[in-house]
Amino acid sequence: MRIRKFRKGDERQCSAILLKSFHWYFELKGSRWLRKKFSAACIAGEAKNGISLVAVDDDDIVGYCHAGISGYGAAYLSTIGISPGARHRGTGSRLLGELETRCRKRGVRKLWLMVTHINTEAIEFYRRNGYSREGLVRDLTLEGAHEIIMSKHF
Ligand SMILES: CC(C)(COP(=O)(O)OP(=O)(O)OC[C@H]1O[C@@H](n2cnc3c(N)ncnc32)[C@H](O)[C@@H]1OP(=O)(O)O)[C@@H](O)C(=O)NCCC(=O)NCCS
C-alpha cells in the first residue's frame, strides 16, 4: 500500500469509497448535502484547495482524505474514508500521518476536525492517532447529530 497525491481522474473511485464509508449517515433525514459533497465533481474541486491524498493498493484506490489550509497556521481535515475491505490494517493511520507531515511542511501548527458523536469507530481512530477532544457543537449537520471537535497541535 502506498500514499500519493490525488490526481485528476481519481475522483470517481474516491467518491465511491466515501459513499460506502458514510452509508450510516445517509440513512438519517436531511443528509443529502453530504451526498453532494462526496460527488466526483466536488472531490475534484476541493483538490484545488489544500491537500488531497489517496491510499493505493495494487493500483486500486482504497482511501481518500482532504484538508483545507487556512492563512493562520491551521488546517481542517474535512474528509477521511477507507474502503470497508481495507480497514483495520493501518491504512487510515498512514494516510492521516502523511497528511500531517505535508501539513507541517506547509507551516500548519494545528489540524482539527469534526466527527459525529455516534461515529465511535472514528472517534477511537482519532484518539489513537493523537487527537484530543476540544468541544461539541449540537445539531450542526443534522438535527440530533452533534459534532465533536477534535484537534492535534504539532
Ligand atoms: C475511521 C477510519 C478512517 C479508520 O480507518 P482504518 O484504516 O481502519 O484505520 P486504522 O487501521 O489505522 O485503525 C486505527 C485504529 O482506529 C480504531 N478503529 C478503526 N476502525 C474501528 C472500528 N470499526 N471499531 C473500533 N475501532 C476502530 C482502532 O483503534 C484501530 O486500531 P485497530 O484496528 O488496531 O483496532 C475508517 O474506519 C473509515 O473510513 N470509517 C468511515 C468513514 C469515517 O467515519 N471517517 C471519519 C469521519 S470524521
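The numbers here are math on the coordinates, done by the rules we state, and not lab data. Keep in mind the model is a prediction, meaning the values are calculated, not measured. Here the Cβ is made from the backbone with ideal geometry for all residues, glycine too, and neighbour counts use every protein chain on show.
Side notes on the structure shown:
- Three principal axis extents of segment 68-154 based on alpha-carbon atoms, in descending order, are 37, 33, 18 Å.
- Residue-count net charge about ALA44 - beta-carbon cut-off 15 Å; Lys, Arg +1, Asp, Glu -1: +4
- Between segment 27-47 and segment 106-127, the C-alpha centres lie 19 angstrom from each other.
- Overall Cα dimensions of segment 2-153, principal axis frame, Å, largest first: 39, 33, 29
- Of LYS48/LYS110; LYS5/LYS105; LYS5/LYS29; LYS48/LYS105; LYS20/LYS152, those spanning more than 24 Å from alpha-carbon to alpha-carbon: LYS5/LYS29; LYS20/LYS152
- At R0 = 25 Å, FRET efficiency that the Cβ-Cβ distance of ALA40 and ARG4 yields, to 0.05: 0.85
- Normalised per residue, the volume of the convex hull around the Cα set of segment 1-52 (Å³): 84
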